[in-house]
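Colleague: Quick one: this structure, given as structure tokens, is what I'll be asking you about.
The values are calculated or read from the model by the stated rules, or taken from the named source; none is laboratory data. This one's a predicted model, so the numbers in the text were calculated from it and none came from an experiment. Because the Cβ atoms are built from the backbone with ideal geometry, glycine has one as well, and the counts that use them run over all protein chains shown. We work out accessible area using only protein heavy atoms, side chains counted, and drop any ligands, DNA or RNA first. Shrake-Rupley method; radii C 1.70, N 1.55, O 1.52, S 1.80 Å.
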Amino acid sequence: MEARATLRYARISPRKVSIVMDLIRNKPLNEALAILQYTPKAACEPLLKLVKSAAANAENNFSMDKNALYVAECYVCPGPTLKRIMPRDHGRAFRILKRTSHMTVVLKEKE
């Protein structure tokens, strides 16, 4: 049995999110929450909410024991990219890519 939570269209680059996800993969729930709370990265704030949401799903929807949960899977996929233009000298235009992410966290119970 597994509990999952997804966040779609988050306005942060998938590359930045995957760095933080590598820190919490296969960690117990309490340890993962502590890591996310005290890591100074921009991706930690939405990921912390996502892990808490997955924990609430596990507890309320599947009657899992909160103390036995661990982060079984977490992955990020690129969402649609917003293309913006920055004016440059001599009438040129420079493209800015504002990337988005789809994040998924899966929690399972330890046997």
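Colleague: Being hydroxyl-bearing (Ser, Thr, Tyr) and surrounded by 13 or more Cβ atoms within 10 Å (Cβ to Cβ): is that true of TYR75 here?
Modeller: Numbers: hydroxyl-bearing (Ser, Thr, Tyr): yes; surrounded by 13 or more Cβ atoms within 10 Å (Cβ to Cβ): yes.
Yes: the conditions hold for TYR75.
Colleague: For the list (1) closer than 16 Å to ARG15 by Cβ; (2) of a type outside the set (Phe, Trp, Tyr); (3) not in a strand (DSSP E or B), I need the number of the one condition that CYS77 fails.
Modeller: Against the list (1) closer than 16 Å to ARG15 by Cβ; (2) of a type outside the set (Phe, Trp, Tyr); (3) not in a strand (DSSP E or B), CYS77 comes up short only on (3).
Colleague: If I ask for residues that are within 16 Å of CYS77 (Cα to Cα) and small (Gly, Ala, Ser), which ones from the stretch 1-59 would you list?
Modeller: Hits for the stretch 1-59 are ALA5, ALA10, SER13, SER18, ALA43.
Colleague: Among the residues of the stretch 47-85, which ones are among the basic types (Lys, Arg) and at pLDDT below 95?
Modeller: Selection gives LYS66 alone.
Colleague: Can you name the residue in the stretch 7-30 that is among the hydrophobic types (A, V, I, L, M, F, W, C) and not in a helix (DSSP H, G or I) and, of all such residues, is surrounded by the most Cβ atoms within 10 Å (Cβ to Cβ)? Reasoning before the result, please.
Modeller: Residues of the stretch 7-30 that are among the hydrophobic types (A, V, I, L, M, F, W, C), as a first pass: 7, 10, 12, 17, 19-21, 23-24, 29.
Next, from what is left, pick out any that are not in a helix (DSSP H, G or I): 7, 10, 12.
Numbers: LEU7: 19, ALA10: 19, ILE12: 22.
The extreme case among them is ILE12.
Colleague: Do we have any residue at all in the stretch 39-46 that's touching a strand residue (DSSP E or B) at 6+ places or on another chain (Cβ under 7 Å) and at pLDDT 95 or above?
Modeller: Step one: list which residues in the stretch 39-46 are touching a strand residue (DSSP E or B) at 6+ places or on another chain (Cβ under 7 Å), which gives 46.
Of the ones still in play, those that are also at pLDDT 95 or above are 46.
For the stretch 39-46, residues touching a strand residue (DSSP E or B) at 6+ places or on another chain (Cβ under 7 Å) and at pLDDT 95 or above: present.
Colleague: I would also like to ask the following. Of the residues TYR70, TYR38, which single one is of a type outside the set (Lys, Arg) and within 12 Å of GLU2 (Cα to Cα)? I'd like the intermediate steps shown before the answer.
Modeller: Values: TYR38 fails: within 12 Å of GLU2 (Cα to Cα).
Only one candidate qualifies: TYR70.
Colleague: Another question, then. Evaluate the following for MET86: is it outside any loop (DSSP other than H, G, I, E, B) and either within 15 Å of ILE24 (Cα to Cα) or in contact (Cβ under 8 Å) with a residue 60 or more places away in the chain (or both)?
Modeller: Details: outside any loop (DSSP other than H, G, I, E, B): yes; either within 15 Å of ILE24 (Cα to Cα) or in contact (Cβ under 8 Å) with a residue 60 or more places away in the chain (or both): no.
Here the answer is no, as MET86 does not meet what is asked.
Colleague: Filtering the stretch 85-110 down to residues that are under 26 Å from the mean Cα position of the chain (by Cα) and open to solvent by 60 Å² or more (accessible area, probe 1.4 Å), which residue is farthest from ALA72 (Cα to Cα)?
Modeller: Taking the stretch 85-110 and keeping what is under 26 Å from the mean Cα position of the chain (by Cα), we get 96-110.
Retained after the next criterion (residues that are open to solvent by 60 Å² or more (accessible area, probe 1.4 Å)): 97-99, 108-110.
Numbers: LEU97: 32, LYS98: 30, ARG99: 26, LYS108: 6, GLU109: 9, LYS110: 10 Å.
Here the residue is LEU97.
Colleague: Here's something else I'd like to know. Can you run down the residue pairs with Cβ atoms below 8 Å, 6 or more apart or on separate chains, where the first is in the stretch 69-81 and more than 20 Å from ASN26 (Cβ to Cβ) and the partner is charged (D, E, K, R)?
Modeller: PRO78/ARG99; GLY79/ARG8; GLY79/ARG99; THR81/LYS98; THR81/ARG99
Colleague: I would also like to ask the following. In the stretch 31-48, how many are open to solvent by 40 Å² or more (accessible area, probe 1.4 Å), in contact (Cβ under 8 Å) with a residue 12 or more places away in the chain and out of contact with any helix residue (DSSP H, G or I) (no Cβ under 6 Å at 6 or more places or on another chain)?
Modeller: Total meeting the criteria: 1.
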